[in-house]
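The structure under discussion appears below in the form of structure tokens.
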Amino acid sequence: MYIYSMGHYFPENILDNSFFDRLDIESSAGWIKDRVGIETRRSVLTQEQVMDLRHGRTTREQLKAAGAIESIASMCEKSWQVAKARSTDVKDPIDTVIGGTSIPDDDIPSNGCVISNRIGLEQVRAFDVNSACSTFVVQCHVMRGLVASGMTKEGAIFCAERYTTRIDYSDRRNSILFGDGAIAALVSSKNRPGSLKLIDSLVESSPSGWEHIHLPDGKFFHQNGAQVQKFAITKTIAAAQDILIRNQLKTSDAHWFIGHQANYRMLTSAMEKMGVPSSRHLYNVTDLGNQGAAGAPSVLSQNWDRYKTGDYIVVAVVGAGLTWGSLLLQKQ
Ligand SMILES: CC(C)(COP(=O)(O)OP(=O)(O)OC[C@H]1O[C@@H](n2cnc3c(N)ncnc32)[C@H](O)[C@@H]1OP(=O)(O)O)[C@@H](O)C(=O)NCCC(=O)NCCS
């Protein structure tokens with residue numbers, strides 16, 4: 001399977017660390033920068049709407065009913081347009097669409113179907129794969145199987161996240177972590193020039209840990225931060241190293257590393273432990289916060305023009321479930 005184009009989209013509204021100072025929750029911009037490394041995030045909500053949520057002047061349901069929350073399909077359409085504009089080769093009909101999000105608009109139908117309809121695809125098998133922050137790696141793993149079996153010739157993968165709409169803005173611990181974003185990845189069984197070849201994919205889970213990261217129906221995001229941080233560092237390293245080892249590669253053979261964009265300090269700690277120099281570490285969490293499933297693939301998309309023929313790229317993610325996984329890609 002080859003990824004031959006990618007696109008990303010981030011909403012315009014910016015929430016910087018000083019905005020959280022004004023929420024009156026004893027948040028400290030210095031603490032955030034020091035402990036999490038995030039400086040800004042994007043949101044489908046304006047600062048005024050977040051302020052209203054914080055002070056109980058509105059609810060997510062009211063904002064949604066008023067059409068104030070951008071839909072998953074709209075976000076995906078914008079990333080799809082970027083991916084299409086980047087490729088001169090979107091000619092063959094797409095036969096498979098995999099959507100993915102932790103925060104859907106509706107429980108039924110699948111986002112894959114709504115996104116396909118929005119971008120005008122009809123003769124497709126459209127469905128969702130949801131593995132929280134690990135979603136993109138799992139989507140690629142599933143698509144890889146469909147392509148290898150011959151069932152899929154041309155496909156599209158979408159991730160869109162809006163965690164900023166499911167946060168308790170009176171909680172300084174969790175409210176400062178998240179940003180919204182979306183990605184599209186166009187995939188093919190054919191090797192088009194400049195594609196990223198998916199050489200290998202790895203998907204693992206430890207279901208006994210599912211309660212550590214939880215977004216209960218109708219409630220707010222919750223995680224056991226310190227415990228999850230240990231898991232995240234350990235499994236980022238394991239996922240990256242396992243996929244390299246089973247492909248007879250060393251850490252120094254990989255040109256680019258992309259981890260789950262949850263926390264910059266956590267990422268640099270994992271990279272240092274693996275011996276990855278900062279020049280090979282790609283990230284956007286500092287500017288965009290934790291975008292859940294869209295985080296790591298949005299980094300992959302933002303850096304699309306940097307990869308040179310032969311470069312190996314390792315994408316290692318961790319997420320709720322608990323889940324972790326990785327992709328080994330090579331620029332053609
Ligand atoms: C969430 C996370 C940033 C919290 O960092 P931490 O160092 O564990 O910090 P803690 O939550 O223990 O908080 C330490 C102190 O800082 C305080 N604090 C938290 N947020 C703060 C903020 N915005 N401003 C000021 N102080 C803050 C806490 O209230 C706590 O103070 P207290 O002991 O007086 O209650 C960190 O644990 C993390 O990144 N975990 C991994 C997340 C992850 O990978 N998730 C993946 C799935 S999405």
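The values are calculated or read from the model by the stated rules, or taken from the named source; none is laboratory data. No experiment lies behind these values; they were computed from the predicted model shown. No Cβ is skipped: glycine too gets one built from the backbone with ideal geometry, and neighbour counts run over all protein chains shown.
Here are some notes:
Table: residues versus (1) in a helix (DSSP H, G or I); (2) hydrophobic (A, V, I, L, M, F, W, C).
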site	(1), (2)
A160	no, yes
A185	no, yes
D200	no, no
E211	yes, no
A240	yes, yes
I243	yes, yes
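- For segment 306-332, residues that are closer than 15 Å to N284 by Cβ and not hydrophobic (A, V, I, L, M, F, W, C) total 1.
- Matching residues, segment 248-264, being surrounded by fewer than 23 Cβ atoms within 10 Å (Cβ to Cβ), part of a loop (DSSP other than H, G, I, E, B) and touching a helix residue (DSSP H, G or I) at 6+ places or on another chain (Cβ under 9 Å): L249, K250, A254, H255
- The set of residues in segment 265-320 that are within 15 Å of A185 (Cβ to Cβ), assigned to a helix (DSSP H, G or I) and either touching a helix residue (DSSP H, G or I) at 6+ places or on another chain (Cβ under 9 Å) or within 16 Å of the ligand (Cβ to nearest atom) (or both) comprises A293, A294, G295, A296, P297, S298, V299, L300, S301, W304.
- Restricting attention to segment 190-222 and to residues that are within 13 Å of the ligand (Cβ to nearest atom) and crowded, with 19+ Cβ neighbours inside 10 Å, the residue that is farthest from V147 (Cα to Cα) turns out to be F221.
- Residue match in segment 42-49 (condition: at pLDDT 95 or above, surrounded by fewer than 15 Cβ atoms within 10 Å (Cβ to Cβ) and closer than 22 Å to K219 by Cα): yes
- One residue from A132, A185 being closer than 26 Å to D305 by Cα and within 17 Å of the chain's Cα centre (by Cα): A185
- From the options R173, R162, R125, R166, residue that is in contact with a Leu (Cβ under 8 Å, 6 or more places away or on another chain) and among the basic types (K, R): R166
- Residue within segment 265-274 that is surrounded by fewer than 18 Cβ atoms within 10 Å (Cβ to Cβ) and closer than 22 Å to M143 by Cβ present: no
- Of the residues making up segment 153-173, one or more are surrounded by fewer than 18 Cβ atoms within 10 Å (Cβ to Cβ), more than 14 Å from the ligand (Cβ to nearest atom) and at pLDDT 95 or above.
- Long-range neighbours under 9 Å by Cβ, at least six apart or interchain, first residue closer than 15 Å to K84 by Cα within segment 104-120, second surrounded by fewer than 16 Cβ atoms within 10 Å (Cβ to Cβ) and of a type in the set (D, E): S116/E122
- Matching residues, segment 35-77, being within 16 Å of the ligand (Cβ to nearest atom) and in a loop (DSSP other than H, G, I, E, B): V36, G37, I38, E39
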